[in-house]
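K.L.:
If you scroll down you'll find the structure; I have some questions about it.
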Amino acid sequence: MDLTEIKNAHKLFKEWRYQWTPLERGYTDKILYINVSDNTIKEKQVPALMKEKFIGGKGYGLRLLWDATKPDTKWDDPENEIVISSGPIGGITQYSGAGKSLVVTISPQTDIPIDSNVGGFFGPFLKFSGFDALELQGKAEKDIIIFIDGVNHKIEINEAPLEALDSHVLAEQLTDMYADDDRDRKNIGVVSTGAAAGNSLIGMLNFSFYDPKRKKVRLKQAGRGGIGTVFRNKNIKAIVVKIPGVKGNLNNVVDLPAIMERGKRFNKEMRELDDSQAEMRTKGTAHLVNIMNDYDLLPVHNYKFGSHADGFKIHGNVWKEKFTQGIPDGCWIGCNMACSKGVDNFTIKSGPYKGEVVLVDGPEYENAGGLGSNCGIFDPDYIIEANFYCDTYGICTITWGTLMAFVMECYENGILNKERTGGIELNFGNGKAALEVMHQLARGEGFGLIAGQGTKKMKEMFIEKGWGDPKFLHDIGMVNKGLEYSEYVSKESLAQQGGFAMTNKGPQHDEAWLIFMDMVNNQIPTFEDKAEALHYFPMFRTWFGLVGLCKLPWNDVEPVNNAETDEPAKVSEHVDNYVTIYKAVLGKPFDKHELIRQSERVYNFQRIFNLRRGYGTRKFDAQPYRAAGPVTNEEYESRAERYDSQLKELIGVDPTDKTTDEKCAILREYREAQYEKLLDAVYKRRGWNNNGVPIISHLENLGMDLPELIETVKEYQ
């Protein structure tokens, strides 16, 4: 079927023309609102208070979602929204990593707001089309495509019955369909998902970007929390945006030379230091695999272990050989970090695309650690294929890797068996079986549908059916707030345990990655030190999601003298870069302290949003014990020397005459108590009470004593 036939099958439901507004100091101050239930399209003004308090990106998404929903709105209610927004810095091309967007919705997995950051073209192109945010509400009766025409300044909603559903096909189809010619393909951005998103709670969104060297459309993912599931539940097949082109100062910033100077400085660091520091331009984030394995931090067999003898098979050098080299792999124009690596000409070995030769985006570290080592699979070709299918089917790779590792441990312990899995043998290391479960999910059948509910729902189901000991299932199910853990072993880093389980949305490493500061470098030894780190770094990283920046250029490559500075973990020179860029875009006073305060306002708002929905208190910051220590005797004995010495030195217990069961119990009591002390210290530092609820005086100090927030927190004071 050719593109003409596919496009001719479109049925126009609505066309709406608008007056285009150019950006001024990074903003248009307009929101594009679309309700796909009745095809309402309208333009909304950004209120001054929203701009002041919420900045953009994640902040705009949370504020709009709060206003659009009620405390009991379900993820699949038509009134639930998907909000996509970049931020005032998003879209500049003179500093690396300025192409990020934040996507916000009520999560099918957690029942609270989820935010997921993503690269690609859509977010900046939405801004250049005239809108600071896209607010999607309602539920269409038939599959639709939304077209944002930033050239002719109109919006279309079309019924789209014939397009493919899976992203690697659909994004190419729509790019070709809406581009005037080959040169125009670089001016198209597509948001899509895939077949599995509609059959699960773990669907993600793909944001396209055009690779001019390969002359192919590529994909970046808004992965966490089931946003793709909400997208398909609304019967949206894709969103397409088209612009006339990208040129030097579309953000209409106040001081472009200042941004260019900082951009040149950072690009010089990348050229001179990346090969010796991070190898992002040759390996992307996959360079971390061997580092994590060496430091006992690589998840193996559902986080039981932190390293494996076969770790070398998925070493960073293996990925370097798989990735095409010498290509500027940036997912946004002007990004010199070039970490969006790809495997070209990979032949698929299973599933509906068997025999096809494809480009696979990644794998990144999280894919290698989750799809690979955490499931006991050390085959790089399997990881590449699983990565491809997760992307095109619309499955979050982190979620899938973690839930499949849980499934495999359940299988190894008799909680699952061939009868319960429909004949699939899901032992650790069985990549063929893991792929079959994924294909089942895309087809909407078999055990795949059970796996697609996520770890939290599977635990509940297994317990209800009497398939396993509830305590054991809770201990090994690596999930918090309904969201699966990302791929780092946190047992020996108390700060990282907090960095995962104390997040507002669930355990995602983009908020606080403190393992090396805490465990390796011992830079934050006291509870107060850890609390300060768990205040500063989540707030600092939140800021990237407010303004449209990627976090990787902040600290993956550091200035040569960074270790000699007063606070090397903060990379002060790069913090100053961001302060300078913000001032250069907006032309108003700003410093590193206001940066943190901007984030605190939004961070506390999100905490209160959770409270509004019946969550957000201390009990929801509890972690599975596997995140804190050894659950099984096998785990303990694999690191017996380490744990025995901790019993002696930290607890004052002689392990000599103790059984492994006794030693596990003593260590567990100690580690669980340590985590509770950490919660106390962090809550105090964040201005929250002992139940994890923001204190009213703290909200007043931040200027976030909005009536609706005070009303929500009052009952918890």
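K.L.:
Mind listing whichever residues of segment 367-380 are farther than 19 Å from ILE395 by Cβ and in a helix (DSSP H, G or I)?
P.N.:
If the condition is that a residue be farther than 19 Å from ILE395 by Cβ and in a helix (DSSP H, G or I), then PRO380 is the only one that fits.
K.L.:
Right, another one. Could you list, in sequence order, all residues of segment 323-336 that are surrounded by 24 or more Cβ atoms within 10 Å (Cβ to Cβ), closer than 17 Å to ARG271 by Cα and of a type in the set (A, V, I, L, M, F, W, C)?
P.N.:
The answer is CYS335, and nothing else.
K.L.:
Another question about this same structure. Here are some residues: ILE55, ILE6. Which one is among the β-branched types (Val, Ile, Thr) and on the phi > 0 side of the Ramachandran plot?
P.N.:
The unique qualifying residue is ILE55.
K.L.:
Yes or no: PRO559 assigned by TED's automatic domain parsing to the domain that holds LEU709, surrounded by 14 or more Cβ atoms within 10 Å (Cβ to Cβ), over 24 Å from the mean Cα position of the chain (by Cα) and not in a helix (DSSP H, G or I)?
P.N.:
Considered against the rule, which asks whether it is assigned by TED's automatic domain parsing to the domain that holds LEU709, surrounded by 14 or more Cβ atoms within 10 Å (Cβ to Cβ), over 24 Å from the mean Cα position of the chain (by Cα) and not in a helix (DSSP H, G or I), PRO559 comes out as yes.
K.L.:
Can you tell me which residues in segment 330-366 are more than 30 Å from ASN302 (Cβ to Cβ) and part of a loop (DSSP other than H, G, I, E, B)?
P.N.:
If the condition is that a residue be more than 30 Å from ASN302 (Cβ to Cβ) and part of a loop (DSSP other than H, G, I, E, B), then GLY330, CYS331, TRP332, ILE333, GLY334, CYS335, ASN336, MET337, ALA338, GLY355, GLU356 are the ones that fit.
K.L.:
Okay, next question. Determine whether LEU426 is over 19 Å from ASP111 (Cα atoms), not β-branched (Val, Ile, Thr) and not in a helix (DSSP H, G or I).
P.N.:
The answer is yes for LEU426.
K.L.:
Let me ask something additional. Here are the criteria: (1) free of Cβ contacts under 8 Å to residues at least 60 places away in the same chain; (2) not acidic (Asp, Glu); (3) not assigned by TED's automatic domain parsing to the domain that holds ASP381. Tell me which single one LYS234 does not satisfy.
P.N.:
(1)
K.L.:
Give the residues of segment 475-527 that are free of Cβ contacts under 8 Å to residues at least 24 places away in the same chain, polar (S, T, N, Q) and surrounded by fewer than 23 Cβ atoms within 10 Å (Cβ to Cβ), sorted by residue number.
P.N.:
Of everything in segment 475-527, those that are free of Cβ contacts under 8 Å to residues at least 24 places away in the same chain, polar (S, T, N, Q) and surrounded by fewer than 23 Cβ atoms within 10 Å (Cβ to Cβ) turn out to be ASN521, ASN522, THR526.
K.L.:
Separate question: Determine, yes or no, whether THR660 is buried (at least 17 other Cβ atoms within 10 Å of the Cβ), assigned by TED's automatic domain parsing to the domain that holds PHE537 and without any contact (Cβ under 8 Å) to a residue 60 or more places away in the chain.
P.N.:
Yes; evaluated as a whole, the condition is true for this residue.
K.L.:
Tell me which of these PHE305 doesn't satisfy, since it passes every other one: (1) of a type in the set (A, V, I, L, M, F, W, C); (2) more than 30 Å from PHE590 (Cβ to Cβ); (3) in contact with an Asp or Glu (Cβ under 8 Å, 6 or more places away or on another chain); (4) surrounded by 23 or more Cβ atoms within 10 Å (Cβ to Cβ).
P.N.:
(4)
K.L.:
To continue, here is another question. I need the full set of residues from segment 576-590 which are surrounded by fewer than 18 Cβ atoms within 10 Å (Cβ to Cβ), without any contact (Cβ under 8 Å) to a residue 24 or more places away in the chain and either within 20 Å of ALA98 (Cβ to Cβ) or under 26 Å from the mean Cα position of the chain (by Cα) (or both), in order please.
P.N.:
Within segment 576-590, ASP576, VAL579, LYS588 qualify.
Results for (1) in the same structural domain as GLY330 (by TED's automatic domain parsing); (2) on the phi < 0 side of the Ramachandran plot; (3) out of contact with any Asp or Glu (no Cβ under 7 Å at 6 or more places or on another chain); (4) surrounded by 24 or more Cβ atoms within 10 Å (Cβ to Cβ), shown as yes or no for each residue.
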{"site": "LYS341", "(1), (2), (3), (4)": "yes, yes, no, yes"}
{"site": "ILE348", "(1), (2), (3), (4)": "yes, yes, no, no"}
{"site": "GLY351", "(1), (2), (3), (4)": "yes, no, yes, no"}
{"site": "ALA368", "(1), (2), (3), (4)": "yes, yes, yes, yes"}
{"site": "GLY372", "(1), (2), (3), (4)": "yes, yes, yes, yes"}
{"site": "ASP379", "(1), (2), (3), (4)": "yes, yes, yes, no"}
{"site": "ASP391", "(1), (2), (3), (4)": "yes, yes, no, yes"}
{"site": "ILE398", "(1), (2), (3), (4)": "yes, yes, no, yes"}
{"site": "ALA405", "(1), (2), (3), (4)": "yes, yes, yes, yes"}
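K.L.:
With respect to the numbered conditions (1) part of a loop (DSSP other than H, G, I, E, B); (2) within 20 Å of ALA622 (Cβ to Cβ), which one is the sole condition not fulfilled by CYS550?
P.N.:
(2)
K.L.:
Now a separate question. Which residue, of THR193, THR282, is among the β-branched types (Val, Ile, Thr), outside the structural domain of LEU23 (by TED's automatic domain parsing) and at negative phi?
P.N.:
THR282
K.L.:
Let me ask something else about it. Being farther than 28 Å from LYS154 by Cβ, within 27 Å of the chain's Cα centre (by Cα) and not in a strand (DSSP E or B) is the filter here, so list the residues in segment 216-258 that pass it.
P.N.:
Passing the criteria: GLY223, ARG224, GLY225, GLY226, THR229.
K.L.:
While we're on this one: Going through segment 630-654 one residue at a time, which ones are in a helix (DSSP H, G or I), surrounded by 15 or more Cβ atoms within 10 Å (Cβ to Cβ) and hydroxyl-bearing (Ser, Thr, Tyr)?
P.N.:
TYR636, SER638, TYR643
K.L.:
If you take the residues of segment 673-717 that are β-branched (Val, Ile, Thr) and in contact with a Phe, Trp or Tyr (Cβ under 7 Å, 6 or more places away or on another chain), which of them is farthest from GLN497 (Cα to Cα)?
P.N.:
Filtering first and then ranking leaves ILE695.
K.L.:
Of everything in segment 591-628, what is outside any helix (DSSP H, G or I), touching a residue at least 40 places away in the same chain (Cβ under 8 Å) and more than 21 Å from the chain's Cα centre (by Cα)? Give them in sequence order.
P.N.:
ARG613, GLY614, THR617, ALA628, listed by residue number.
K.L.:
If you don't mind, another one. Need the failing condition index for GLU676 against (1) within 30 Å of PRO299 (Cα to Cα); (2) free of Cβ contacts under 8 Å to residues at least 24 places away in the same chain; (3) not in a helix (DSSP H, G or I), just the number.
P.N.:
Of the numbered conditions (1) within 30 Å of PRO299 (Cα to Cα); (2) free of Cβ contacts under 8 Å to residues at least 24 places away in the same chain; (3) not in a helix (DSSP H, G or I), the odd one out for GLU676 is (3).
K.L.:
Return a yes/no flag: does segment 289-301 have any residue that is in a strand (DSSP E or B) and buried (at least 23 other Cβ atoms within 10 Å of the Cβ).
P.N.:
So far as segment 289-301 goes, yes, one or more of its residues are in a strand (DSSP E or B) and buried (at least 23 other Cβ atoms within 10 Å of the Cβ).
K.L.:
When only residues in segment 115-160 that are within 23 Å of LYS30 (Cα to Cα) and β-branched (Val, Ile, Thr) count, which is surrounded by the fewest Cβ atoms within 10 Å (Cβ to Cβ)?
P.N.:
Result: VAL151.
K.L.:
Within the set of pairs 6+ apart or on separate chains, which have a first residue in segment 687-705 that is crowded, with 20+ Cβ neighbours inside 10 Å, a second that is hydroxyl-bearing (Ser, Thr, Tyr) and not in a loop (DSSP other than H, G, I, E, B), and C-beta atoms under 9 Å apart?
P.N.:
Once the first residue is crowded, with 20+ Cβ neighbours inside 10 Å and sits in segment 687-705, its partners that are hydroxyl-bearing (Ser, Thr, Tyr) and not in a loop (DSSP other than H, G, I, E, B) give GLY692/TYR683; VAL693/TYR683.
K.L.:
Would you point out which residue out of TYR683, TYR675 is hydroxyl-bearing (Ser, Thr, Tyr) and either outside the structural domain of GLY498 (by TED's automatic domain parsing) or under 18 Å from LEU647 (Cβ atoms) (or both)?
P.N.:
TYR675
K.L.:
Enumerate the helices (runs of 4 or more DSSP H) found wholly within segment 39-132, keeping only those where 1 or more residues are modelled with pLDDT under 95 and either over 22 Å from the mean Cα position of the chain (by Cα) or over 22 Å from GLY228 (Cα atoms) (or both).
P.N.:
Helices (runs of 4 or more DSSP H) meeting the threshold: none at all.
K.L.:
Quick one: how many residues across segment 425-439 are surrounded by fewer than 22 Cβ atoms within 10 Å (Cβ to Cβ) and touching a helix residue (DSSP H, G or I) at 6+ places or on another chain (Cβ under 7 Å)?
P.N.:
Counting residues in segment 425-439 that are surrounded by fewer than 22 Cβ atoms within 10 Å (Cβ to Cβ) and touching a helix residue (DSSP H, G or I) at 6+ places or on another chain (Cβ under 7 Å) gives 6.
The values are calculated or read from the model by the stated rules, or taken from the named source; none is laboratory data. This structure is a prediction, so every number in the text was calculated from the model and none was measured. Quick reminder, even Gly has a Cβ in these numbers, built from the backbone with ideal geometry, and neighbours come from all protein chains shown.
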